[in-house]
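**Student:** Structure below; questions to follow.
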Amino acid sequence: MRKSLVFGLFVLGCVLFLAALGATSEVRVSHFLAVSRDLSDITATLKLTDISFSDDARYTRNPSQADIFSAFQDYPGSIEHFPSGSVTPPPDFSSLGAPMKVKKR
Amino acid sequence: MSLNSHMNVLDFTLLSLLRRKFKNLGIVLVFTFIVFITGSILFLSYSFKREALLILKGSPELIVQRMSAGRQELIPVGRAKEISAIPGVSGVEPRYWGYYYDPLVKANYTILASSGSLSAGNRLLQGRLPGPEEKGVAAVGRGVAKARFIDMGSTISLVSSAGAAMDFDVVGIFESGSELLTADLIVLGRPDVIRLFRMPPDMATDLAVTVRNETEAPVIAGKIRSRFPDTRPILRKEIIRTYDAVFGWRSGLILTLFAGALVAFIILAWDKATGLSAEEKKEIGILKAIGWETSDIIEMKFWEGLVISLSSFLLGIILAYVHVYFFGASVFAPALKGWSVIYPDFRLAPFIDPYQIAMLMAFTVIPYIASTIIPSWKAAITDPDEVVRG
């Protein structure tokens with residue numbers, strides 16, 4: 001068999017495999033979208049604000065609700081919870097604007 | 001030029017590549033690894049962001065916290081009445097929640113007061129939620145249930161801030177499909193949360209504000225801040241943006257870990273592609289001498305770059321997909337999971353952004369082909385005699 005044909009078949013095989021993965025993605029995403037309605041219902045009913053992704057420490061559990069991200073918060077000598085504690089940026093409150101006005105007496 | 005002649009050039013290129021198979025195989029392996037790492041990071045962060053966006057779209061439009069000495073404090077429930085009088089606010093509900101460290105399993109739980117029941121037909125809760133005023137019952141997340149070996153009808157015991165043991169009958173367990181949201185949750189009735197944390201009766205953790213029109217939320221937040229300067233309103237938009245940033249940072253961290261490999265590959269590819277070896281120059285000279293046109297040489301080098309970069313790209317992207325969506329990104333798991341005891345066991349939904357794949361392809365395949373063609377073109381336009389003699 002010609003080498004070019006072998007290469008063409010290899011590329012075609014890869015593309016078809018990717019297309020099959022894409023098709024399974026559609027199925028899995030549509031399943032998730034169905035489940036996400038139930039998840040959103042839980043979020044709305046319990047008024048949750050964060051996902052349970054880093055429950056190592058209380059200051060990494062709800063990143064959107066806290067602004068002090070430092071080590072040793074749980075108790076003196078408590079080790080830093082790497083990487084959750086160090087790669088979590090503080091939430092951005094800049095959009096609130098509202099500069100503080102000082103009234104003259 | 002007919003299709004057959006293009007195929008002949010491709011045949012010749014593939015044979016030429018096979019003559020230096022170990023060198024080219026090495027490049028394909030490293031190239032595939034780089035695409036695999038970059039692709040995995042892109043898939044992972046995009047899926048996380050999309051999932052977080054979908055899950056958190058039900059969260060409160062506005063949360064009002066009270067700050068004291070730079071730290072969050074309990075907020076007087078009485079403020080809810082004043083906030084609900086602000087035009088545009090449709091409801092204010094106090095939230096009672098907090099953290100509980102369980103020394104038994106060395107895990108942190110999130111304790112939350114129930115504020116209603118889930119919609120009928122919600123498939124993610126086995127059993128039910130405790131009623132808002134119900135006492136002595138709990139619904140727990142799958143992670144808590146696993147850590148404490150709890151089943152429906154079991155009892156979970158917690159120690160209150162007063163040091164007294166409190167027992168709760170488990171009336172609900174969240175299904176594993178909701179672990180990303182509920183793994184460490186324990187939902188109790190409001191009186192039990194107040195007793196567990198010894199919260200003063202007229203105080204809550206924070207206030208959840210519902211607004212009629214979400215676009216007005218920043219204005220309402222501003223009004224709340226000017227009415228209560230010691231408060232910090234948090235918009236839902238900011239909650240979602242926080243997760244965008246969290247996953248952006250995490251992806252950046254992983255990318256940084258592999259930055260060395262990336263730089264090594266760029267050097268390798270650059271060296272291989274731009275600096276033609278004496279053997280390759282000789283090959284070009286001979287081809288020119290036997291009648292190949294400059295365009296044929298360029299076509300051959302184009303095929304050479306395409307075969308290596310396209311094969312690597314396709315293999316890398318397939319491996320990245322399988323790694324992230326079938327094996328739960330096991331290579332990056334330690335960097336993503338952290339030290340938490342109760343870690344949600346979840347499988348990411350494969351949200352794919354075609355734009356990101358196209359960008360990855362553009363940044364890997366095209367530069368490689370370009371860096372292969374340019375030096376070959378330089379060699380091909382030189383006199384064959386000069387090239388062969390070096």
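The values are calculated or read from the model by the stated rules, or taken from the named source; none is laboratory data. It should be emphasised that the depicted structure is a prediction, and the values quoted were computed from it without experimental measurement. Cβ placement follows ideal geometry from the backbone for every residue including glycine, while neighbour counts extend to all protein chains displayed. Surface accessibility is based on the protein's heavy atoms, side chains included, excluding ligands, DNA and RNA. Shrake-Rupley method; radii C 1.70, N 1.55, O 1.52, S 1.80 Å.
**Student:** Can we say B:TYR321 is open to solvent by 50 Å² or more (accessible area, probe 1.4 Å) and among the aromatic types (Phe, Trp, Tyr)?
**Tutor:** On the way: open to solvent by 50 Å² or more (accessible area, probe 1.4 Å): no; among the aromatic types (Phe, Trp, Tyr): yes.
Against the criterion (open to solvent by 50 Å² or more (accessible area, probe 1.4 Å) and among the aromatic types (Phe, Trp, Tyr)), B:TYR321 does not qualify.
**Student:** Follow-up. For A:GLY85, indicate whether it is within 22 Å of B:TYR99 (Cα to Cα), open to solvent by 60 Å² or more (accessible area, probe 1.4 Å) and modelled with pLDDT under 80.
**Tutor:** Here the answer is no, as A:GLY85 does not meet what is asked.
**Student:** Please work out which one of (1) in a helix (DSSP H, G or I); (2) closer than 18 Å to B:ILE41 by Cβ; (3) of a type in the set (S, T, N, Q) is the condition B:SER330 fails and give its number.
**Tutor:** If we test B:SER330 against (1) in a helix (DSSP H, G or I); (2) closer than 18 Å to B:ILE41 by Cβ; (3) of a type in the set (S, T, N, Q), just (1) comes out false.
**Student:** Which of the numbered conditions does B:LEU129 fail, given that it passes all the others? Conditions: (1) within 14 Å of chain A (Cβ to nearest Cβ); (2) outside any loop (DSSP other than H, G, I, E, B); (3) buried (at least 20 other Cβ atoms within 10 Å of the Cβ).
**Tutor:** It fails just one condition, (2).
**Student:** Answer yes or no: is there a residue in the range B:298-318 that is away from every other protein chain (no Cβ under 14 Å) and open to solvent by 30 Å² or more (accessible area, probe 1.4 Å).
**Tutor:** We begin by selecting, within the range B:298-318, every residue away from every other protein chain (no Cβ under 14 Å); these are B:298, B:301.
Restricting the remaining residues to those that are open to solvent by 30 Å² or more (accessible area, probe 1.4 Å) gives B:298.
Yes, there is a match, as at least one residue in the range B:298-318 is away from every other protein chain (no Cβ under 14 Å) and open to solvent by 30 Å² or more (accessible area, probe 1.4 Å).
**Student:** In the range B:236-258, which residues are of a type in the set (A, V, I, L, M, F, W, C), facing chain A (nearest Cβ under 7 Å) and within 21 Å of B:LEU54 (Cβ to Cβ)?
**Tutor:** Answer for the range B:236-258, where residues must be of a type in the set (A, V, I, L, M, F, W, C), facing chain A (nearest Cβ under 7 Å) and within 21 Å of B:LEU54 (Cβ to Cβ): B:ILE239, B:ALA245, B:VAL246, B:TRP249.
**Student:** Follow-up question, since we're still on this one. Within the range B:320-375, how many residues turn out to be away from chain A (no Cβ under 11 Å), within 30 Å of B:MET300 (Cα to Cα) and among the hydrophobic types (A, V, I, L, M, F, W, C)?
**Tutor:** Number satisfying all stated conditions: 12.
**Student:** How many of the residues in the range B:7-48 are small (Gly, Ala, Ser) and more than 26 Å from B:GLU280 (Cα to Cα)?
**Tutor:** The initial filter retains those residues of the range B:7-48 that are small (Gly, Ala, Ser), namely B:16, B:26, B:39-40, B:45, B:47.
After this cut, where a residue has to be more than 26 Å from B:GLU280 (Cα to Cα) as well, the list is B:39-40, B:45, B:47.
Adding up the residues that qualify gives 4.
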